[in-house]
Amino acid sequence: GLPGIITQMAYTPYKSIPSIDLPDNIVVQVAVNGMTRTGDNSEEDALLAGWKKKTGQPVALWTYPGKHMQKAAMKGIPVMIPKAVGKYVADRADLIFGTYLESETDYFIFNYLVYYVFAKVSWDTSTDIDALLDEHYRLMYAEAAALFQEMFEQMEDFWLNRILGHTVDTPLGPVTKLPNSVDLWEEIYTPALLDSFRGRLDQAEQLTAANPAALKRVRFMREKLFGPIFAHALKHQAEQEAFDSWNVTLPGEVHLRPFKGDICEVSTVVGISRTADSLVVEFNCQEPQLDKMLLQATERDAAVYSDSCVEVLLNPSGDRKTYYQFIV
């Protein structure tokens, strides 16, 4: 930081505005979640206004619109939200003097348009975001501009309203309930949607066929931005097909392999059998590093899942939603 300047990062509980007077060499940075909130941001905005009044100057922001924490599991799903990011910064120009955009992503190019708009609006908060994007689509994709604008705006709507749009009430307040992989690839980024992307990309190549530079950019985006989406959709489909074809006779044995990765470092064999009134599931787990096993839970229904454990999930109805879970 600058000599004599103290930067204070305001997380809970420190984001509450203190009653005491503060020295004038303190710069406050406030952590906010509102950049991707489609509903009411008045509480956070009041907090920013309160800190501005307390310190006599605008504040800095630290925000998390990308694949932060649990969202990181959504491999192959773009965070294509340039309008939301740009509008959030522009609308709070009188409250803030800068923003740190924490934007983890599995593919850098998923965020390219977010970074572009964020940089432009941060430099000049009066930037016309719609005009900026119109110019980008026209210069980048030429005759195919409308197709890319349509696809990217569809991705933005999905991220904000379909992926982050479901909240549940908890004792700590509303919490975003993220979709699982089945929801992502079968209810949101559906096979029909991906087919429509392929069709529009085909059309984009046809429209730019007489414009070599634009055609090259269209094909680059098809490979680098849309390619990972299609690849992860196929990976999900292959995993689901593996589940669908899985079966075991009774009595029988199942040899488990890692769910992620191809290297099987240890042998895990599960025997399944039954008696007149019981289902018997017997695990034989090879473990060459017994001293590193975690064995902390001492009571029933404690955090056994945090220990070295085995789990059995039973779904008698076959609906893949209602189940019994046993952890030992």
Here, strands (runs of 3 or more DSSP E) confined to segment 1-73 with at least 1 residues that are modelled with pLDDT of 85 or more and either touching a Phe, Trp or Tyr at 6+ places or on another chain (Cβ under 7 Å) or open to solvent by 80 Å² or more (accessible area, probe 1.4 Å) (or both) are 26-32, 59-63
Those residues of segment 104-123 which are open to solvent by 20 Å² or more (accessible area, probe 1.4 Å) and either farther than 24 Å from Arg219 by Cα or part of a loop (DSSP other than H, G, I, E, B) (or both) amount to Glu104, Thr105, Asp106, Tyr107, Phe118, Ala119, Lys120, Ser122, Trp123
The lone condition Ala93 fails out of (1) open to solvent by 30 Å² or more (accessible area, probe 1.4 Å); (2) in a helix (DSSP H, G or I); (3) aliphatic (A, V, I, L, M) is (2)
When you look at Ala144, is it farther than 30 Å from Glu241 by Cα and without any contact (Cβ under 8 Å) to a residue 24 or more places away in the chain, yes or no?
no
Scanning segment 74-90 for residues that are assigned to a helix (DSSP H, G or I) and charged (D, E, K, R), the one nearest to Ala233 (Cα to Cα) turns out to be Lys83
Per the list (1) in contact with an Asp or Glu (Cβ under 8 Å, 6 or more places away or on another chain); (2) within 30 Å of Tyr137 (Cβ to Cβ), residue check on Ser308 breaks on (2)
So is Leu313 over 22 Å from Asn180 (Cα atoms), among the aliphatic types (A, V, I, L, M) and either modelled with pLDDT under 95 or open to solvent by less than 50 Å² (accessible area, probe 1.4 Å) (or both) or not?
no
Of the residues in segment 182-229, those that are of a type outside the set (A, V, I, L, M), open to solvent by less than 50 Å² (accessible area, probe 1.4 Å) and under 21 Å from Asp106 (Cα atoms) come to Trp185, Tyr189, Thr190, Phe197, Phe226, Gly227, Pro228
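The values are calculated or read from the model by the stated rules, or taken from the named source; none is laboratory data. It should be emphasised that the depicted structure is a prediction, and the values quoted were computed from it without experimental measurement. Quick reminder, even Gly has a Cβ in these numbers, built from the backbone with ideal geometry, and neighbours come from all protein chains shown. Note: areas computed on protein heavy atoms with side chains; ligands, DNA, RNA excluded. Shrake-Rupley method; radii C 1.70, N 1.55, O 1.52, S 1.80 Å.
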